[in-house]
């Protein structure tokens, strides 16, 4: 923690509006009086890979949807200013008083997020058996096929493609097909 008296608190926000809340808080932090009591705003995120149109795309999503972590010294009107930020529902805690996170919780959350950032590539699979796909790479580029098997461990699909009137099985990677 950066200063004595500063603790981490969790603001509940409307899910999907976490970045907007962070923008509002960053704008508020330009006020030196507010900045003295709120030192940082964190939105734990994780990076995931998804397949879109046959291409692997990196995207970021909230690790804890609906929550924004704030390091603050809650005195005077700071609690009310934080609660009155647009899209903020309130603090996580018991009753009217916000409950600070324990050091172990903060370290675990920040550590988990660091691990997720460093994690090996993770593909978001949304292929299903029986689904029609179009081959986008290799000798069978442009052919339509039906998925017979999905192997998420190897990130492979078994696709049946009709060639010269006969069904031919192909083993393709997620990035070698796109949904039809």
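Taken together, the values in this text are just the output of simple stated rules run on the coordinates, not laboratory data. All values reported here derive from a predicted model rather than from experimental measurement. Note: ideal-geometry Cβ built from the backbone for every residue, glycine included; neighbour counts use all protein chains shown.
Details
- Gaussian network model of the chain, springs between alpha carbon atoms under 10 Å - residue of 19, 107, 141 with greatest fluctuation: 141
- DSSP-defined beta bridges in the chain - what % are antiparallel, rounded to 5: 95 percent
- Residue separation of residue 63 and residue 31 scaled by 0.36 nm, minus their Cα-Cα distance, works out to 8.6 nm of gained length.
- Residue-span extension gain [residue 180 to residue 97] - 0.36 nm each, minus C-alpha spacing: 24.6 nm
- Of the residues 87, 31, the one with the fewest other Cβ atoms within 10 Å heads the list, and the complete ranking is 31, 87.
- Answer label, with Rg and Dmax of the Cα atoms in Å calculated from the coordinates and candidates [x] 23.7, 78; [y] 18.5, 62; [z] 21.2, 65: [x]
- Here the simple spin-label model places points 7 Å from the Cα toward Cβ, and for residue 171 and residue 84 these points are separated by 6.4 nm.
- Inter-centroid distance (Cα atoms) of segment 152-167 relative to segment 48-75, Å: 34 Å
- Subtracting the Cα-Cα distance of residue 23 and residue 164 from 0.36 nm times their residue separation leaves 45.0 nm of extension gain.
- Efficiency of FRET from Cβ geometry, residue 110 and residue 148, R₀ 45 Å, rounded to 0.05: 0.55
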